[in-house]
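Notes for the one structure printed next.
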Amino acid sequence: MSLRDGPLGDVRPPILWLAGVALALAAVAALALFLGDRREGARPRAYAASRNAADTAIAPVGDVLAAPVRWIDGAAQTVGDYFFAASENAGLKRRLAAALTWRDKALALGEENARLKALMGVTTDPPLPVVFARAVIDARGPFSNTRLIDAGSSRGIAEGNPALGEHGLIGRVVGVAPNVSRVLLLTDVESRTPVLIARTNGRAILTGDGGPTPQLAWLRTHDPLRDGDRVLTSGDGGVLPRGLPVGAAVKGDDGTWRVALDSDGSPIDFVQILLFKTFAQLTPPGALQPRDLPSTATEAPVAPTQPAPTPPTAKSPGGRLTP
Amino acid sequence: MTSTTAGRFNPILWLGAPMALCAAASLIFALPMQGFGLRPPEPVFALVPAFAWGMTRPSILPPFALLILGLFLDLLWGGPAGLWPLALLAAYAPVLYARVFLSAQGFWGLWAWYAAACAAALATGFVFTSLKAGVPPGLIGVGWQFVATVALFPFANRLIERYEDADTRFR
């Protein structure tokens, strides 16, 4: 006997009521997904396997579709270079004159720096390996600012690696699949980056809000901030290395201090990933080797040692004691 | 008569074609594009069927189609999973229950109500993102996305016109 022939066969719930039930079920499922989701990369393995699978599927499609965009962009660049060659030439001459002044200063400072390092026995940080990649998806909405790039764990990229554009930091890797990675941009509303103000050595947390200029939150500095102050990564927390260029401080329309990102003017389709894992990478390997230090553990208490005899002293002609 | 008109209605086409078109359009607009230092806006194409499906007829399928479409947007844009399904359903639900009233509206009136549905979706996204991230997203960015999405109303109107007479039981 089919259900239609039963006693409830004539019961027809209104379609609007059924649609409401379906709506409630879908909303509950969406809410459960939202509450259970973690995409921020500070916690290891926060990026779900399903996201990695989706990124892996989306990236090749984006790569193919982005090819005509790159060709058009390249053609427009060529045409622009042709028509604006004269004005660009004048601009480049101005910049070259300014750069030559800076070059002389840099040479002098470099020489002084090397002398001071030799004097103090300071060892410099070894260079970090870099992977270059191309962005295939660029999400730029108010609720998520991420980029999908066409390089992943097969090229050594790991979660937490800093991502740089042509001119400065753009974000960090939050999800890695074998051939693609997801970069959380500094402008994303969930992005938090510890930074320092180069002039004052003050500290702040760079907080994204979906807009082009992220906010400087939790600002701690003795001297007041000034427009144009350089902002760098502080390295606090150990996620990013210290000293990566981020941007310049600007006063926002809402009265808060914000950062005009260095990466704003640079091309968005190429990124470089610094393969930075921990600060141990920045230390010479020999410094981390265990050394022969005296043992602090003893099996039996030993008698207190006698204090060493004081070495004979002699009075210098000036009346001061010398060993 | 009813069976004849209902027979013209193909739910797979009604749901599947707009879903595929929205996914393709969202993917194209998510490509890295930049001209004169500016990047194009990121409209929420999925709000077009969310509005049109609610207007056309009540059904148990559209909420789940919006769930799938929203999850696709979350995965494409790298946002928190569940955010866009919630936002799309927030736009769909009031339209579904006000469809009789909305059916009486003209083109411009319907455009205004479509804008209200978009506002409901983006307000939902704003609230849930603020709760999750601890800081509210910038209103300027939300405003740009709202404007870009509201401009898509002619597509929603076309979808409504295409299917409003397909099943006369729900006219």
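Once the convex hull of all Cα atoms in chain B is built, its volume per residue stands at 114 Å³. Averaged over peptide B:59-65, the number of partner chain Cβ atoms lying within 10 Å of each residue's Cβ comes to 5. Using a 1.4 Å probe on the heavy atoms of the protein chains only, list every residue of the range B:78-112 that has 40 Å² or more less accessible area in the complete assembly than in its chain alone. Hits at the 40 Å² cut-off: B:GLY78, B:PRO80, B:ALA81, B:LEU86, B:LEU89, B:TYR97.
Accessible area per residue was computed with a 1.4 Å probe on protein heavy atoms; A:LYS93 scores about 130 Å².
3J(HN,Hα) along the range A:75-82, derived from phi through the Karplus expression 6.51 cos²θ - 1.76 cosθ + 1.60 where θ = phi - 60°, amounts to 5, 4, 5, 5, 5, x, 4, 5 Hz, with x in place of Gly and Pro. Dipole magnitude for the range A:158-268: computed about the Cα centre from +1 point charges on Lys and Arg Cβ and -1 point charges on Asp and Glu Cβ, it is near 340 debye.
Largest to smallest in accessible area, the residues A:ASP138, A:ASP81 fall in the order A:ASP81, A:ASP138 (1.4 Å probe, all protein chains included). Using the Cβ-Cβ distance between A:ARG242 and B:ALA116 with R0 = 41 Å, the FRET efficiency computed as 1/(1 + (r/R0)^6) comes to roughly 0.25.
Using a probe of 1.4 Å on the protein chains alone, the accessible area found for A:PHE83 is around 150 Å². Given the options B:LEU131, B:LEU75, B:LEU102, which has the most mean-square fluctuation in a GNM of chain B, springs set between C-alpha atoms less than 10 angstrom apart? Maximum among the listed residues: B:LEU131. Counting only alpha carbon atoms, the long axis of helix B:61-77 and the longest principal axis of chain B meet at about 20°.
Note on chain B: helix-only mean residue ellipticity at 222 nm, from DSSP H runs of 4+ residues weighted -39500 (n - 2.57) and normalised by residue number, equals -23000 deg cm²/dmol.
Dipole magnitude for the range B:64-171: about 80 debye, using +1 per Lys or Arg Cβ and -1 per Asp or Glu Cβ, origin at the Cα centre.
Ranked from largest to smallest solvent-accessible area, with a 1.4 Å probe on the protein heavy atoms, A:VAL195, A:VAL21 come out as A:VAL21, A:VAL195. Could you state the angle between the C-alpha long axis of helix B:47-56 and the longest principal axis of the C-alpha atoms of chain B, as a value from 0 to 90 degrees rounded to the nearest 10? The answer is roughly 20 degrees. Using C-alpha pairs below 8 Å separated by at least 6 residues, the relative contact order for the range A:202-252 is 28 percent.
Computed from the Cβ-Cβ distance with R0 of 41 Å, the FRET efficiency linking A:LEU107 to A:GLN77 stands at 0.75.
Based on alpha-carbon atoms, the Kirkwood radius and the radius of gyration of the range B:26-74 give Rg/Rh equal to 1.13.
Can you classify the range A:73-159 as rounded, prolate or oblate using the Cα gyration tensor, where a ≥ b ≥ c are the square roots of its eigenvalues, rounded means a/c under 1.5, and otherwise it's prolate if a/b beats b/c and oblate if not? Oblate, since a/c reaches 1.5 and b/c is not below a/b. Shape class for the range B:72-157, computed from the alpha carbon gyration tensor (a ≥ b ≥ c): prolate, with a/c not under 1.5 and a/b above b/c.
Solvent-accessible area of B:GLU164, all protein chains in place: 80 Å² (probe radius 1.4 Å, heavy atoms, ligands and nucleic acids excluded). Think of the range A:208-281 as a dipole: +1 on every Lys or Arg Cβ, -1 on every Asp or Glu Cβ, centred on the Cα centre; then among A:TRP257, A:PRO224, A:GLY235, A:GLY235 lies furthest on the positive end.
Interface residues of the range A:15-33, defined as those losing at least 30 Å² of solvent-accessible heavy-atom surface relative to the isolated chain (probe radius 1.4 Å), are listed as A:ILE15, A:LEU16, A:ALA19, A:ALA22, A:LEU23, A:ALA26, A:ALA30, A:LEU31, A:LEU33. Our Cα-only numbers for the range A:145-197 put the radius of gyration and Dmax at 11.1, 36 Å.
Carbon and sulfur together cover what percent of the accessible area of the range A:110-237 at a 1.4 Å probe radius?
Within the range A:110-237, the accessible surface is 55 percent carbon and sulfur.
Listed by chain and number, the lysines whose alpha-carbon sits under 17 Å from that of A:LYS277, ignoring those within fewer than 8 places in the same chain, form an empty set.
For the range B:60-171, the solvent-accessible area of protein heavy atoms averages 43 Å² per residue (probe radius 1.4 Å; ligands and nucleic acids excluded).
Test of understanding: in a Gaussian network model of chain B with alpha carbons linked when under 10 Å, which of B:PHE107, B:PHE153, B:PHE45 would top the mean-square fluctuation ranking? Its mean-square fluctuation being the largest, the pick is B:PHE107.
Couplings for the range A:144-160, taken from phi via the Karplus curve 6.51 cos²θ - 1.76 cosθ + 1.60 with θ = phi - 60°, read 8, 10, 9, 10, 9, 10, 8, 9, x, 5, 5, 10, x, 6, 9, 4, x Hz in order; Gly and Pro are left as x.
Taking Cα atoms only, the orientation of helix B:153-163 departs from the longest principal axis of chain B by about 20 degrees. Only alpha carbons enter this Debye calculation for the range A:142-289, each as an equal point scatterer, and the log10 of I(q)/I(0) it gives at q = 0.14, 0.16, 0.20 Å⁻¹ is -0.66, -0.84, -1.21.
The values are calculated or read from the model by the stated rules, or taken from the named source; none is laboratory data. The structure presented is a predicted model; accordingly, all values stated were derived computationally and were not measured. So basically every Cβ, Gly included, is an ideal-geometry build from the backbone, and we count neighbours across all protein chains shown. Ligands, DNA and RNA are stripped out before the accessible areas are found, and what is left, the full protein with its side chains, is counted by its heavy atoms. Shrake-Rupley method; radii C 1.70, N 1.55, O 1.52, S 1.80 Å.
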